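Engineer: This structure is in structure tokens; I'll ask about it shortly.
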Amino acid sequence: MATATPTTVYVKGDPAKNKLLDCPFCHRVLLAYEAKKLPYKMEFIDFDHKPAWLLEASGGKVPVIKEGPDAPYIPDSDVIVVHLEKEHPVPSLQSSVPAEIGAKLFPNFRAILIGPAAEAADKVAALEEQLAGMDDYLRQHEAQGPLFGGQQLNLTDCSLAPKLYHAVVALKHFKGWELPAKFAALHKYLAALKALPEWQHVDYGEEAIIAGWERHIKQAAAGTGHH
């Protein structure tokens, strides 16, 4: 590393309260920084008052990173994690988990929460199919450790763990759905995540998830779409 200047990571948050909020894509990038032990500082973006530069740099979406005063803004969690892996290959977060594992977790979860009620039962079945695939993979590899990366976070964990966290918290609160007990490896997985210092440093808490999705549900009901 040529410079010790911490990268600025622009994330969903409350600047007035200096508080991180519930964006799973920001969470993904923050977990990658934590897992790689890279210096960074968070800059909180108030979604009701997005700055002009953010609208220009990313269409108003976060996360965005800036690696120094003269560096360009880099938006998009997909792009950022690939960039980090390339620029800071040690420790490696490379994952050998097949890309289809958990790939539809988030859209299925979202559809249950804010989609048409008539489709909810089908979407729950689709979600549980995604969860079964994740659970099977973890169970087959449990000798390596409870995470997709074994004992350490990898890029699959960084991507899927925040989405699973949102799904489990929001669906329980709004729909009374609980993670089925038969998914024992996923229950172990969530417990293992919560014990990791990397997770604890960037955990915005269940209340933030509930408040964030409450707003999405109201917006969907009003037909205004989402951010």
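The values are calculated or read from the model by the stated rules, or taken from the named source; none is laboratory data. Since the model is a prediction, treat every value here as computed from it, not as a measurement. With ideal geometry, Cβ positions are generated from the backbone for all residues, glycine too; neighbour counts draw on all protein chains shown. To get the accessible areas, we keep the full protein, side chains included, count just its heavy atoms, and leave off ligands, DNA and RNA. Shrake-Rupley method; radii C 1.70, N 1.55, O 1.52, S 1.80 Å.
Engineer: HN-Hα J couplings of segment 38-46 from phi, Karplus 6.51/-1.76/1.60, θ = phi - 60°, integer Hz, Gly and Pro as x?
Structural biologist: 8, x, 8, 10, 8, 10, 8, 9, 7
Engineer: Right, something else. Mean Kyte-Doolittle hydropathy of -0.5 or higher plus an axial Cα length of 20 Å or more: which whole DSSP H helices in the chain meet both? Write out the running numbers ahead of the final one.
Structural biologist: Numbers: long enough: 120-140 (30 Å, -0.39); 155-175 (29 Å, 0.40); 206-222 (24 Å, -0.26).
Within the chain the helices that satisfy the rule are 120-140, 155-175, 206-222.
Engineer: Please give the peptides 38-46, 112-120 ranked by average Cβ packing (other Cβ atoms within 10 Å per residue), highest first, as a rough proxy for protection.
Structural biologist: Highest-to-lowest ranking by the protection proxy: 38-46, 112-120.
Engineer: Roughly to the nearest percent, how much of the accessible area of segment 104-224 is carbon and sulfur, given a 1.4 Å probe?
Structural biologist: 52 percent
Engineer: I need the chymotrypsin sites (Phe, Trp or Tyr not before Pro) found in segment 136-202, filtered to DSSP loop residues with at most 10 other beta carbons within 10 Å of theirs. List each step's numbers first, then the result.
Structural biologist: Working: sites: Tyr137, Phe148, Tyr165, Phe174, Trp177, Phe183, Tyr189, Trp199; in loops: Phe148, Trp177, Phe183.
Listed in order of number, the matching sites amount to none.
Engineer: Here's a follow-up. Using a 1.4 Å probe, what is the accessible area per residue for segment 47-144, in Å²?
Structural biologist: 56 Å²
Engineer: Further question: Give me the percent of the accessible area of segment 7-87 that comes from carbon and sulfur atoms, probe 1.4 Å, all protein chains in place. Numbers along the way, then the final one.
Structural biologist: Numbers: 2070 of 3850 Å².
Roughly 54 percent of what the probe reaches on segment 7-87 is carbon or sulfur.
Engineer: Still on this structure: Starting from the Cα-Cα distance between Leu55 and Ala222, subtract it from 0.36 nm times their residue separation and give me the gain in nm to one decimal.
Structural biologist: 57.7 nm
Engineer: Output the Kirkwood hydrodynamic radius of the chain, Cα pairs only, in Å rounded to one decimal.
Structural biologist: 18.4 Å
Engineer: To the nearest µm²/s, what D does Stokes-Einstein give for segment 7-87 at 20 °C and 1.002 mPa s, using the Kirkwood radius over alpha carbon pairs as Rh?
Structural biologist: In µm²/s, the coefficient is 170.
Engineer: Ala103 to Glu43: extension gain in nm, 0.36 nm per residue of separation minus the Cα-Cα distance?
Structural biologist: Working it through step by step, the gained length comes to 18.7 nm.
Engineer: Now for a different question. Tell me which lysines have Cα within less than 19 Å of Lys66's Cα, excluding those fewer than 8 residues away on the same chain?
Structural biologist: Lys12, Lys36, Lys37, Lys41, Lys50, Lys86
Engineer: Shifting gears a bit: Per 0.36 nm of contour for each residue apart, how much would the distance between His173 and Ala117 grow if the chain were fully extended, relative to their Cα-Cα spacing?
Structural biologist: 18.5 nm
Engineer: I'd like the distance separating the alpha-carbon centroids of segment 143-202 and segment 48-74, in whole Å.
Structural biologist: The distance from the Cα centre of segment 143-202 to that of segment 48-74 comes to 29 Å.
Engineer: Compute the distance in nm between two label points, each set 7 Å from the Cα along the Cα-to-Cβ direction, one at Glu129 and one at His88.
Structural biologist: Between Glu129 and His88, the simple spin-label model gives 3.8 nm.
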